[in-house]
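Since the structure comes first, as structure tokens, the remarks are kept for the end.
Laboratory data are not the source of any read-out in this text; all were calculated from the coordinates shown. Being a predicted model, the structure only gives us computed values, none of them experimental. So basically every Cβ, Gly included, is an ideal-geometry build from the backbone, and we count neighbours across all protein chains shown.
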There are 2 protein chains.
Amino acid sequence: MSERPDDTLEMEPAAKVEDVAEPEHDEVDAAVIAALDTGDTAGLKELVDGLHYADVADIVERLNPDRREQLLTEIGPDMAPDVLAELDETVREEIFEAMAPEQIAAHVQELDSDDAVEIVNQMEAPEQQKVLEAMPAPDRRLIEQSLSYPEESAGRLMQREIVTVPTHWTVGQTIDFMRQAAEGDDDILPGSFYDIFVVDPMHKPVGTIHLSHLLRAKRPVKVTDIMETELKLISVTMDQEDVAFLFRQRDLVSAPVVDEAQRLVGAITIDDVVDVIHEEHEEDMLALAGVGEDDLYDAAIDTTKARFRWLLVNLFTAILASLVIGLFATTLEQIVALAILMPIVASMGGNAGTQTLTVAVRAMAMRELTSTNAYRVIGKEVLVGAINGVLFAVITGAIAWFWFDAPQIGLIIGLAMIINMVIAGLAGAAIPLVLDRFGVDPAIASSVFLTTVTDVVGFFAFLGLAALFLL
Amino acid sequence: MSERPDDTLEMEPAAKVEDVAEPEHDEVDAAVIAALDTGDTAGLKELVDGLHYADVADIVERLNPDRREQLLTEIGPDMAPDVLAELDETVREEIFEAMAPEQIAAHVQELDSDDAVEIVNQMEAPEQQKVLEAMPAPDRRLIEQSLSYPEESAGRLMQREIVTVPTHWTVGQTIDFMRQAAEGDDDILPGSFYDIFVVDPMHKPVGTIHLSHLLRAKRPVKVTDIMETELKLISVTMDQEDVAFLFRQRDLVSAPVVDEAQRLVGAITIDDVVDVIHEEHEEDMLALAGVGEDDLYDAAIDTTKARFRWLLVNLFTAILASLVIGLFATTLEQIVALAILMPIVASMGGNAGTQTLTVAVRAMAMRELTSTNAYRVIGKEVLVGAINGVLFAVITGAIAWFWFDAPQIGLIIGLAMIINMVIAGLAGAAIPLVLDRFGVDPAIASSVFLTTVTDVVGFFAFLGLAALFLL
């Protein structure tokens, strides 16, 4: 980073150029830990005050439980409510355990409605009840109403504070209204917003105006003349994954949400959608590896339980593969080279299949793989499997031949390799498509089916061919 | 979807409530295919004109190559330039092959600078040259300048068209300026924007004003009184992954980009960041499965080549595992049950390790796992591995005992299971951390190291214990 020459504007603090975000984090972590360990409360407060709330949340998450508790005792009451909203659910629960419901309610009230709903939603039922009771009636009603929408729906994501104007207004009236609304202590406008919604007398949205378009219009212009009428209205019950897709597809920054009667009830903004995108990606990625949800901050015992289920399923597929091997016990007893080589065929099939599977699951999540091109994609994957199958048949066959000085073993492992890699391509592409057709999330169940197929086919093809031709 | 009663506003088209995005897609695809197959050009044009450009791009991608070419012949020249920007790189290349450089240049010029740069960047060098030469000098210079920034840097992502105001202006002057700038044919304002940047005489940014804050201020207020001065300036060379992290962390919608001399040169907006987030996620997810990049639209031969490398690496690790098995050839010859059971130990270790690895890689990408909490996370994963190891030792041991009526085989597979699952937890957490320390992307190389470890340890522990105690 180059040095910054003196600024012509004395009053402004020098803006900081961010180049790489990472190293700084470690340094701040170390400084916070040092302040905690030396009991330097004043230094700690100063450190934390200088940080963005999201950074504070990250530090709290990374500290070990003892230091986390110490930090909260020392600066807890002064912590910005926004820090709570940024925290991981497990860590936040820990913190709430040390707070009175009234304290929690006071923090929650200060948040935007969408953040408040998310936090309250994640509480255990009895705690939720206590916190809601400690809130003033209007705030409580707003949160309870949002909680009545299905989980992961647009209704949960949306912000209730929006700016609406009637159809007969002009640009001038709109700007005056906002200036008035912002006046005094009781600013009724949302913190930051991007669009103004034009509504009819029934409070149904008829158009949106991006602020940058409002600003370039002259005062007497009617709002209906500059509003965008090609609206994508989002229903309160729309799934958040579909919301995220729509935002990405249309490059939206905010979108109106309507209830069953088509009345405008809120708006979803891009920052909430970015969180959804991260969540959905994480779900897909972890599901493919057989992890239920991100469990970095869970206690070891909870993580163990969550992973146990998947491993149990895997144990049964592994036993299934062993049963297949067991069919060829006599063959194995006579030719020990087969036992040595057989994991190669299964492993290559599993890996080739996983490549295909991951591409397919990803493409389905991005809606690039649909029934329109399903057969073409499957066909291509089978072809890719066949070509790579032949290539690896030659390589592996040659290695096996020289290793055991037996050309017929090389031939058999080569044939088995081709069979298993073709099946891997077919299964890798077809399994997620079939699961999706039956309404099952392909990310969750695909890999266990796939490895079952590639293990069973791999062992059966290799040992079966050997039994047929070598004995 | 409920029926919509007659609107009070006759002039507006009824807005459409979007509830689920998916089924509609298949229908439109089918309609487009039908129009193509019956040669109904008018119907096809009407269909496509009614769609958002991103949807058109998706349809073009999903069509098979023959129909794609037909679609382009029929409606190609009328297609919106934005469709090109939305297309997958491979599909776009195909389309460009059928277009003259002048045609391409004309389309590219109409795009926002960030989209134009991305498209030109992805062209082959000779084609890029031709297209750039066909563009007017100012546009060409802008693109060439952006191309001079490193790949995947903020300079490539940013939009050059921004609104800046000097520090001595008032809110009124700013609004008047925008109204004037928007007048006439030559609208110099960017299409949509979210922030106005306040710059000093050296064109260094001193503050930003969110449009919603500009609108609530009265005309005589000075811009310096309402601007946000806690800026996160992004350097043109900042990596796009760091940009995305910053946007997410700070809930940013747009951010100023500065050159080495700290002068404002552009702004990055959230829509570009959303694309980066998707890209980075995709990279991580595909890398973990050994796929270089999303290759859904690549020709089969390119996909085969790209995947071959990873499979070759996997072949060597599989052979390494076989070498370990080979060490125990005599043991296997005497007890065939070992050959039947041994894949279970390796498979369970591989799966448990992959669970840990995926959580770790994901947490590192989200900067939740750093050196601050590395030892704690590793410790927890080892503990989880140990607990699940004991549980599965009991289950698998019991199964093996009854299957082969040999308690000692049950005991040995149980011991091997515990060893391999502890090692899997350790390796799954430690490998990505160590790779990251050496500057290697943990998503790319981790899984091959992991399966090598779990295979080798799994086979060695099981067969080694058997050789020691059973013979």
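A Förster distance of 25 Å, applied to the separation of the beta-carbon atoms of A:PHE438 and B:ALA31, puts the FRET efficiency at 0.45. For the range A:248-283 and the range B:49-75, compute the distance between their C-alpha centroids and round to whole Å. The two parts, judged by their Cα centres, are 27 Å apart. Neighbouring Cβ atoms from other chains, within 10 Å of the Cβ of residues in A:206-215, number 6 on average. In plain terms, the residue of B:LEU463, B:LEU471 with the fewest other Cβ atoms within 10 Å comes first and the most crowded comes last, giving B:LEU471, B:LEU463. Each of A:LEU383, A:PRO138, B:SER254 was placed along the dipole of the protein assembly as shown (beta-carbon charges, centred on the mean Cα), and the one lying farthest toward the positive end is A:LEU383. Shielding value for A:264-270 is 2, the average number of Cβ atoms from other chains within 10 Å of each residue's Cβ.
Along its three principal directions, the equivalent ellipsoid of chain B from the Cα gyration tensor extends over semi-axes of 55, 31, 23 Å, largest first. Given +1 at the Cβ of Lys and Arg, -1 at the Cβ of Asp and Glu and no other charges, the dipole of the range A:213-280 around its Cα centre is 780 debye to the nearest 20.
In straight-distance terms, cross-link reach from A:LYS305 covers every one of the lysines whose alpha-carbon lies under 27 Å from its own, apart from those fewer than eight places away in the same chain; here that gives B:LYS380. Each peptide in A:212-223, A:231-242 was scored by the mean count of other Cβ atoms within 10 Å over its residues; highest first, the order is A:231-242, A:212-223.
Think of the range B:300-470 as having a plus end and a minus end, set by charges on the Cβ of Lys, Arg, Asp and Glu; of B:GLY397, B:ALA321, B:VAL359, B:VAL359 sits farthest toward the positive end of this dipole. Over chain B, dividing the summed -39,500 (n - 2.57) contributions of all DSSP H runs of at least 4 residues by the number of residues returns a 222 nm mean residue ellipticity of -21000 deg cm²/dmol. Per-residue mean of foreign Cβ neighbours for A:308-317 is 5 (Cβ atoms of other chains, 10 Å radius). In this structure, the amide hydrogen of B:VAL199, modeled 1.01 Å from its nitrogen in the peptide plane, lies closer than 5 angstrom to those of B:VAL165, B:THR167, B:VAL206, counting only residues at least 5 positions away or on a different chain.
Count the DSSP beta bridges whose two residues both fall in the range B:164-269, then state the antiparallel fraction as a percent rounded to the nearest 5. Each step should come with its number before you reach the end.
Values: 12 of 17 bridges.
The antiparallel fraction comes to roughly 70 percent.
A:GLU102 to A:VAL221: FRET efficiency via 1/(1 + (r/R0)^6), r the Cβ-Cβ distance, R0 51 Å, to the nearest 0.05? That pair, A:GLU102 with A:VAL221, gives E of 0.55. An ellipsoid equivalent to the range B:300-470, defined through the eigenvalues of its Cα gyration tensor, has semi-axes of 31, 21, 12 Å when rounded to whole angstrom and sorted largest first. Normalised by 2.2 N^0.38 Å, where N is the number of residues, the C-alpha radius of gyration of the range B:57-156 stands at 1.06. Within the range A:154-183, whose backbone N sits under 17 Å from a point 7 Å along Cα→Cβ of A:LEU142? Taking a point 7 Å out along Cα→Cβ of A:LEU142, the residues of the range A:154-183 whose backbone N falls under 17 Å are A:155-164, A:181-183. Note on A:SER192 and B:GLU279: their simple-model spin labels are 2.3 nm apart, each label 7 Å out from Cα toward Cβ.
Taking the Cα centre of chain B as origin and assigning +1 to Lys and Arg Cβ atoms and -1 to Asp and Glu Cβ atoms, the resulting dipole is close to 3280 debye.
The shape of the range B:107-226 can be summarised by an equivalent ellipsoid whose semi-axes, obtained from the alpha carbon gyration tensor, come to 33, 16, 11 Å from longest to shortest. The mean of 1/r over all distinct Cα pairs in the protein assembly as shown, once inverted, gives the Kirkwood hydrodynamic radius of 30.6 Å. About its Cα centre, the dipole of the protein assembly as shown is roughly 3080 debye, where the only charges are +1 on Lys and Arg Cβ and -1 on Asp and Glu Cβ. Look at where the Cα atoms of the range A:371-433 and of the range B:212-233 average out, and the two centres are 63 Å apart.
The label point for B:ALA181 and the one for B:GLU69, both projected 7 Å from the Cα toward the Cβ, are 4.7 nm apart.
Placing a label point 7 Å from Cα along the Cα-to-Cβ direction at B:GLN70 gives distances to the equivalent points in the other copies of 7.2 nm, listed shortest first. Taking the label point 7 Å along Cα→Cβ, A:GLU183 and its counterparts in the other copies are spaced 2.9 nm apart, in ascending order. Taking a span of 24 Å or more along the helix axis (Cα atoms) and a mean Kyte-Doolittle hydropathy of at least -1.0 as the rule, the DSSP H helices of chain B that qualify are B:270-288, B:300-326, B:336-365, B:374-404, B:407-437, B:442-470. Histogrammed with a bin width of 5 Å, the alpha carbon distances of the range B:233-373 distribute as 2, 7, 11, 12, 12, 12, 12, 9, 7, 5, 3, 3, 2, 1, 0, 0 percent, first bin at zero. Relative contact order of the range A:22-148, taken over Cα pairs closer than 8 Å and 6 or more residues apart, is 19 percent. Label separation (B:LEU468 vs B:MET202): 6.9 nm, computed from points 7 Å beyond Cα along the C-beta direction. Antiparallel beta bridges, as assigned by DSSP with both residues in the protein assembly as shown, represent about 65 percent of the total such bridges.
Candidates B:ILE335, A:ASN420, A:VAL56 compared by Cα position along the dipole of the protein assembly as shown: farthest toward the positive end lies B:ILE335, with charges placed on Cβ.
Got the relative contact order for chain B handy, in percent, Cα pairs under 8 Å and 6 or more residues apart?
Details: 565 pairs, mean separation 48.9, N = 471.
The normalised contact order for chain B reaches 10 percent.
Of the Cα atoms belonging to the range A:164-288, the radius of gyration and Dmax stand at 16.4, 57 Å.
Cross-link reach is defined here as a Cα-Cα straight distance under 25 Å, omitting same-chain residues fewer than 8 places apart; for A:LYS204 the lysines meeting it are A:LYS222, A:LYS232, B:LYS16. In terms of the mean number of neighbouring beta-carbon atoms within 10 Å, the peptides A:272-281, B:400-409 order highest first as A:272-281, B:400-409.
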